[in-house]
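Chemist: The structure follows.
The values are calculated or read from the model by the stated rules, or taken from the named source; none is laboratory data. None of the values given here were measured: they were computed from a predicted structure. For neighbour counting, all protein chains shown are included, and Cβ atoms are generated from backbone atoms with ideal geometry for every residue, glycine included. Accessible surface areas use protein heavy atoms only, side chains included; no ligands, DNA or RNA. Shrake-Rupley method; radii C 1.70, N 1.55, O 1.52, S 1.80 Å.
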Amino acid sequence: MFKRLKELKDLLWAAAIALALLFVFGGFLVSAILPYHGDRTRPVMDLRGDRIETENGEKSSKDPAKNAQTLRLEADGTLHPLAETAAADQSYLDALCFLCDSGYVHLRGSGLTAGQIWSSESGQLPMGTSGDWTIRYPGDASFISPVRAASVARPDYLIIAIGSDALTDLSRDDFIRNYTALIQDILSSSKKTSIACLSICPVTASYVGADGLDKDKVNEVNGWIKTVCTQTGVYYGDLNATLCGDDGYLRSEFSDSSGRSLNSTGLKALLNYLAVHDLRAQ
């Protein structure tokens, strides 16, 4: 009698376990076959203020003036020069990120801004090989591409000051194509970044480098950069009036010994220009 009851109990347990396993297997099949669409949410207006909550939970202002860090220009076929603004304070300059070639690379280590300075180890960034650039990333001193740096840092504001290196035998079309591709890749990797491209660093009247840079070539290249800015919808910052004398050449008091890069005085003039051409107020 007791033996039969024990056998019946064991049979019931086995049946229960088999049924549970059957449900688990069925659930697995359903989850494997049917796609998961995630939690569906819609933007919700916060009635307590002028903020809109987006799908990822971030809140942004309905007023573009209050939401400058999440807005950037779109290409509309026109050039957008940086307009003069009220002077920003040092905290704004410290929040900027810079991609610099040899003309402006002395900003790195100058102590004039706490902003990140991206450039190669040598400071040279030849536009003809922009796809192969590696910059020293300040976050961990690693060497990565500018696009990768943008995807990691996701800066609100990026100042691009490049275009003066290794211009010999570089055609206008190649310059514009490579510069444009660089900006597009950066914007794709950091969608909220606002960019301003600066005119290239001018040279002094006494400069006789092998690259053949003079005021005419500088003006020509700046025209190419304007085309890039027009095509990509980023701001253009013209430094000629700030850095050049009446003759169109870099002022000697702003130049280092090479005649084609800024010294500390020139870098201060550059930052003063950026302070009164505040990207947040454009």
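Chemist: Roll a 1.4 Å probe over the protein heavy atoms and report the accessible area of SER171 in Å², nearest 10.
Modeler: 50
Chemist: Calculate, in nm to one decimal, what ALA114 and ALA86 gain on full extension: separation in residues at 0.36 nm each, minus their alpha carbon distance. Show your work: numbers first, answer last.
Modeler: Working: separation 28, 0.36 × 28 = 10.08 nm, distance 2.10 nm.
Length gained between ALA114 and ALA86: 8.0 nm.
Chemist: How much accessible surface does TYR207 have with a 1.4 Å probe, in Å² rounded to 10?
Modeler: Taking all protein chains as shown, TYR207 has close to 40 Å².
Chemist: Determine the shape class of the stretch 84-242: with a ≥ b ≥ c the square roots of the Cα gyration tensor eigenvalues, call it rounded for a/c under 1.5, and otherwise prolate if a/b is greater than b/c, oblate otherwise. Walk me through the numbers before you get to the answer.
Modeler: Values: a/c = 1.37, a/b = 1.27, b/c = 1.08.
Note, shape of the stretch 84-242 comes out rounded.
Chemist: Can you tell me the dipole magnitude for the stretch 230-278 around its Cα centre, using point charges on the Cβ only (Lys, Arg +1; Asp, Glu -1), in Debye to the nearest 20?
Modeler: 120
Chemist: Moving on to the next point. Tell me, what is the percent relative contact order of the stretch 160-282, built from C-alpha pairs under 8 Å that lie six or more residues apart? Write out the running numbers ahead of the final one.
Modeler: Details: 143 pairs, mean separation 33.5, N = 123.
With pairs under 8 Å counted, the relative contact order is 27 percent.
Chemist: Additional query: Per the 1.4 Å probe, what fraction of the accessible area of the stretch 146-282, in percent, lies on carbon and sulfur atoms?
Modeler: On the way: 2450 of 5340 Å².
It is 46 percent, rounded to a whole number.
Chemist: Rounded to the nearest 10 Å², what accessible area does ILE186 have for a 1.4 Å probe in the complete protein model?
Modeler: Accessible surface of ILE186 is approximately 0 Å².
Chemist: So, one more: Placing +1 at every Lys and Arg Cβ and -1 at every Asp and Glu Cβ, with all other atoms neutral, what dipole size does the stretch 158-282 have around its Cα centre, in debye to the nearest 20? It would help to have the intermediate numbers written out before the result.
Modeler: Details: 11 positive and 15 negative charges, 111 e Å.
In total the dipole reaches around 540 debye.
Chemist: Of THR230, THR265, which has the most accessible area with a 1.4 Å probe, and how do the rest follow in descending order?
Modeler: THR265, THR230
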